[in-house]
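Worksheet for the structure shown next.
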Amino acid sequence: MPLTSANVHDFILIDVTPALGAWLDGTEPNDGIALVANSPLNASFDSKENTTNSQPAELDIVFAGGGTLTGVTTASGSGLTGGGTSGTLNLGLTKSCAANQVLQWNATSWACSSAGSGTVTSVNTPSGSGLTGGPITSSGTLSIAPAGVTNAMLANPSLTVSAGTGLTGGGPVALGGKTTLNLDTSKVPELNTANSFTGNQNVNGNLAVVNNATFKPFSVQSSSTFGTWMNLVNTSPGGHTWNVISAGGANSEGAGNFAITDLTGQSTIWLEGNVNAGSLVTQGNVSAGSLMTGATAINSMGCGGPFGGVGFGAKGSTGCANYSLLGEGIHTYLNRPTGGQILFRENNATEMVLASGGNLGVGDAAPVGKLSVLGSESTGNGFGAAMKLSNSAPGGANWYLRAGATGTATPAGGLSIANDGLYAVAIAPNGNVGIGTTAPTNTLDIRGGLTINSDTPMTSNPHMSFSTMFMGSLCAGAQNCGFGTGSSWGAFVPDHNIMITRMTITLNSAIDPSCLPANVYVQTPSGTVLGSVPIPGNAFFVDSGALSINVPAGTVLYVVPGVTGNCNLGASAGGDVYMNTQYVMQ
């Protein structure tokens with residue numbers, strides 16, 4: 001086989017037909033084929049016995065003609081299988097060898113034999129092998145060389161790219177080549193079957209979705225915990241971006257809720273015609289002819305004039321008598337249908353009721369009067385069962401009307417009037433009234449001063465009095481006043497300190513002026529005078545006016561009249577004197 005430098009890196013095809021014919025007819029022994037380079041050619045040959053990294057060695061036998069093939073047999077010891085007498089015949093190496101055995105020529109036939117042993121001392125990567133990294137004599141890495149794989153090395157050096165549905169272009173592509181695919185504009189965006197798109201999609205122009213065969217021809221879906229959003233963007237001056245949201249659990253609107261918002265809370269949603277919804281939550285303005293949200297109606301309520309209202313329940317939208325809240329911009333009206341109640345609640349617990357007929361209950365769900373207050377209080381000065389009346393102007397104060405129970409400063413079962421500093425009036429359950437005390441022991445129990453009809457103030461008790469009299473003539477203490485003497489009747493011993501505040505004196509016989517001075521004395525048995533009231537001449541009645549005569553508790557008091565002047569001969573010194581003494585306890 002003549003070779004030149006032009007054959008470098010080429011694969012050389014050598015015709016071994018004559019040698020093979022000699023093997024087959026037995027004229028030459030089957031000792032294999034030797035490749036020998038003639039001088040001065042210096043050549044090396046690479047074995048292809050390892051089919052993992054290179055092509056397996058193969059011997060192609062071609063029937064060149066000149067006869068008729070009646071069959072192909074695989075003789076014993078040939079190492080081949082297959083063959084036959086007709087049709088397309090295939091030959092292959094025998095597979096009867098055990099694991100890790102190879103076919104080996106034993107001088108007469110091919111037989112299974114254990115692989116030999118030996119040592120690889122070097123691995124080369126010659127030019128044209130498509131590899132780099134050699135020679136390797138101990139350990140190393142072999143790599144495919146850049147541009148090392150050529151089309152000639154490939155069983156199929158090209159591939160075909162076919163244009164699928166909705167695409168145009170494509171075709172065969174050689175190694176290192178490229179092709180172009182384009183959207184088929186005659187089919188997009190008109191999609192005849194279900195399609196899935198990933199990433200962001202933009203449509204320039206109008207998009208129409210028509211599907212008369214299903215109740216949801218347009219569907220938007222995501223698995224975001226924040227929610228599934230649709231944006232409606234208007235880029236013209238003054239336009240906004242509106243968001244239509246099916247909220248997820250991570251959204252403040254709450255999982256499962258639906259929202260329409262521009263995220264400003266200031267814009268208006270215009271809904272033309274009637275709107276029906278199970279519930280409605282808005283951040284901003286909503287304008288509609290009427291709005292029905294479940295059992296709630298928002299409309300004019302049929303009251304005439306510029307009224308807008310809110311109605312609840314089955315009757316909420318059936319006329320002016322059944323609205324719940326109504327207004328015309330100035331006045332606000334709260335209403336209930338006939339027979340109903342208006343209840344004020346906290347945490348769904350009723351705290352105040354405006355019952356049918358107008359009775360108002362604070363803490364009382366069934367008020368029987370125009371105002372009914374019900375509470376519970378068991379501490380001294382608490383407000384759980386109290387009413388407060390206050391004046392916030394300068395000099396004003398807080399006043400409380402309390403109902404009492406066990407543990408309160410107000411009598412248990414009673415009533416009190418108090419301010420922030422004291423209890424002014426208390427009424428016990430038996431009807432006793434206390435002024436200055438919360439434990440009255442009498443029908444009227446006053447602790448402190450009392451003024452009655454501008455009379456002298458008293459510090460503890462109302463006016464009390466005792467009476468004494470002197471029967472007979474007062475001549476016993478005077479000269480020349482005629483004959484006879486009288487006697488004093490009555491005395492008083494107070495068990496508290498008292499103050500005599502007034503004295504009235506009545507005489508059956510007036511005292512002649514010549515007998516004066518004359519007095520009524522307040523004195524002890526020992527004669528100590530604590531006070532006195534003068535008696536004018538010719539007087540039958542004397543009023544002392546205001547007095548302040550203090551008398552210690554336990555003192556024996558005598559109240560007696562006396563004349564100390566020198567009467568004219570035969571003049572009357574007076575007689576039969578009646579004395580009434582008023583006092584207060586200290």
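The values are calculated or read from the model by the stated rules, or taken from the named source; none is laboratory data. Bear in mind the structure is a predicted one, so any value in this text is a computation, not a measurement. All Cβ positions, glycine included, derive from the backbone under ideal geometry; neighbour counts span all protein chains shown.
Filtered by the rule that a residue be exposed (fewer than 15 other Cβ atoms within 10 Å of the Cβ) and either assigned to a strand (DSSP E or B) or out of contact with any Ser or Thr (no Cβ under 6 Å at 6 or more places or on another chain) (or both), the stretch 547-586 gives Ser548, Asn550, Pro552, Ala553, Gly554, Val556, Thr564, Asn566, Leu569, Gly570. Against the test of being in the same structural domain as Gly413 (by TED's automatic domain parsing) and out of contact with any Lys or Arg (no Cβ under 6 Å at 6 or more places or on another chain), the options Gly369, Gly382, Gly358 yield a single qualifying residue, Gly382. Of all the criteria given as (1) at positive phi; (2) modelled with pLDDT of 90 or more; (3) not charged (D, E, K, R), the one not satisfied by Gly537 is (1). From the list Gly128, Gly169, the lone residue that is among the small types (Gly, Ala, Ser), modelled with pLDDT of 75 or more, surrounded by 12 or more Cβ atoms within 10 Å (Cβ to Cβ) and over 30 Å from Ala98 (Cα atoms) is Gly169. Going by the structure shown, is Gly79 free of Cβ contacts under 8 Å to residues at least 60 places away in the same chain, surrounded by 13 or more Cβ atoms within 10 Å (Cβ to Cβ), more than 60 Å from the chain's Cα centre (by Cα) and not assigned by TED's automatic domain parsing to the domain that holds Asn7? No: the conditions fail for Gly79.
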